Structures are given as C-alpha cells and as structure tokens.
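First comes the structure, then the notes that go with it.
The values are calculated or read from the model by the stated rules, or taken from the named source; none is laboratory data. Remember, predicted model here, so these are calculated numbers, not experimental data. Cβ sites come from the backbone with ideal geometry, for glycine too, and all protein chains shown count toward neighbours.
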Amino acid sequence: MLDMIVALCHYIIIGSKPLMFKKSKIMTIYVNNKEVESFNFSGGECHVKVNPEQISGVTYIVAKLNSSNSIMQLIMAVDAVRQVNADTRIELTIPYFPYARQDRVCNEGEALGVKVMADLINQLNCDKITVVDPHSDVTVKYINNCEVISLSDIITQSVLANKIKDEQITVIAPDKGAREKVLQVSEKLNADFVCASKVRDSQTGHITNTELHGDVSGKDCIILDDICDGGRTFTQLAKVLQEGGAEKIYLYVTHGIFSHGVKILKEYFDHVYCHHLIKDKGVKESSFLTVLNKE
C-alpha cells in the first residue's frame, strides 16, 4: 500500500509516468535501536525516513556500512535526524569502517581511500564516532572525535578468552601490521605469542611469501586479525603453521566478509570465529563458523 501511495504522489507532482523504486533488502542504519525506513528510486537515489518520536537530546546511530548505498543511507539518516532536532547530540557507531584497507597509496594514480571516507564521515559533525577494531591506526588518525573498541576489548570479553587460557592456545599475528593488537591480547590472557610476516605484490595484491617468526611445534594456535575477505592470507599462513608442526588451528576475525564463503577454510582450520558478518548472503553461522556478536 505504501509503495502505491508514494508512486501515486510522484504521478501527481511530476505529471507523468510514476517513478519506480525499490526497498532496501538489508536494513543497515539504526537510529536509537530502530531500523531506518529506506528505499531507492529507479534512478538509484536513496530515500530514508526516521521516526521523529525517537529523536531526543541524544541520538545513537549504528551504521552497518556494507555498500555504497548504505553509506548514502547514513548521510541521509543523519540529516533526517537533524531536520527533526538540529541540536541533538549524535553518537555514531560504525562497526566496520569502509575503505580502511586503502590506508596508503601504493601506486601513482591511486586514491587514499580511508581519508576520503573519513572526510565524508567527518562532515556529518557527529559528537562521537566509535569504530570496532579498525584496520590500522591510519583510520583513527583521520576520524574526528573517534573512539575505538579494540581487538583485545573484544577477545577478552568473549568466550574465546577462556578457550585460549584453558587450552593454552598460542595467538598468532598474521603480519607486522597486526602485531601490536595481537600482542595486547596475548599479554592480557597470558598466552604465548608468535608473529608472522608476508610479502604482497602491490600491483596485484597477491601474497608472494609468508614466514613464521617463532616455534609452534605441538601447539594449538589461533590466528587473530580484523578482516577476512577471500581468505587467501589465512590459508597460506595455516599451511606454514602446519609445516611448523602446529596441532589444531583456529581463526578469529572481527569483520567477516568471507567473499568466497567459509568452505575454502575448512581444509586448514578446525574452527572459525568472527565478531560479526559484514554481509549475510551465502554465509551463516554453522558448526564450523561461530558469530560472537549476534546483534
């Protein structure tokens, strides 16, 4: 019925054929714990509507940004909130910060994607912006009023904390970029720590070599990192761990993209954990994958 009313309004206002639109299939923006109504017009433009009764002195927005359209939904939602109450304090949480992996310019002619995204978010003038386990410190550097929920915050408050301590699992940093974050976890849980390193071709993005800097013989291990996309980084590291004599091998990632699914990981890992799934299409919690944050 709502679709028909909106289409009729376009017909009356424009005086021509009604414009077609489609609703978003996955709600990505939440204002004070309520999903924001959203749809896209046939030209691709985004439309959002917040409930005015939900807007007060402080407005909490959670933005699950998994597409360019969801980024636009966020921008529109913030404006919609301020149209209701221009003076409300907005506290924004972006669990997975888009473009965070583009935190340096590797080749001439490329953009510094993380700064572009941060500049866009900063223009929303939110009073606080919380990000979960950002890819690197570069992300935090460019975001105004930023607070971080760290990898160690997540792990030490999850079921994995007891598992790592009780089973004396060695925590593995997959590269130098993750070293400090994983080292914090090992210190808080009094767990053994080993760091790996990798060499990546900047033109193709392919990993050309992986090395392990420590002894894992006879040990159970868990790789800790922020993102799993295709999974190649982790399967190659798992091979090196196997060659080094590791016993059970687990994987934890905060942001589970799993663009190739989790089936390719089964050959190398006993179990996979993630804080949340970025996209739920084709990937669901199972006997092999545990999602720690069900929200």
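One residue alone among Thr208, Thr254 is modelled with pLDDT under 95 and not assigned by TED's automatic domain parsing to the domain that holds Val105, and that residue is Thr208. When you scan the range 19-27, do you find a residue that is modelled with pLDDT under 90, among the aromatic types (Phe, Trp, Tyr), more than 18 Å from Thr130 (Cα to Cα) and touching a strand residue (DSSP E or B) at 6+ places or on another chain (Cβ under 6 Å), even just one? Looking for residues that are modelled with pLDDT under 90, among the aromatic types (Phe, Trp, Tyr), more than 18 Å from Thr130 (Cα to Cα) and touching a strand residue (DSSP E or B) at 6+ places or on another chain (Cβ under 6 Å), one finds at least one in the range 19-27, hence yes.
Take the range 157-176 and flag every residue that is in contact (Cβ under 8 Å) with a residue 12 or more places away in the chain and surrounded by fewer than 17 Cβ atoms within 10 Å (Cβ to Cβ). Spell out how you get there, then give the answer.
Residues of the range 157-176 that are in contact (Cβ under 8 Å) with a residue 12 or more places away in the chain, as a first pass: 158-161, 164-165, 167-176.
Correct list: Val159, Lys165, Glu167, Gln168, Lys176.
When the residues of the range 87-115 are filtered to those that are among the β-branched types (Val, Ile, Thr) and surrounded by fewer than 19 Cβ atoms within 10 Å (Cβ to Cβ), the one that is nearest to Val148 (Cα to Cα) is Thr93.
What are the residues in the range 94-135 that are under 15 Å from His255 (Cβ atoms), of a type in the set (A, V, I, L, M, F, W, C) and touching a Cys at 6+ places or on another chain (Cβ under 8 Å), if any? If the condition is that a residue be under 15 Å from His255 (Cβ atoms), of a type in the set (A, V, I, L, M, F, W, C) and touching a Cys at 6+ places or on another chain (Cβ under 8 Å), then Val131 is the only one that fits. The residues listed here are Thr233, Thr210; of these, the one that is surrounded by 16 or more Cβ atoms within 10 Å (Cβ to Cβ) and part of a strand (DSSP E or B) is Thr210.
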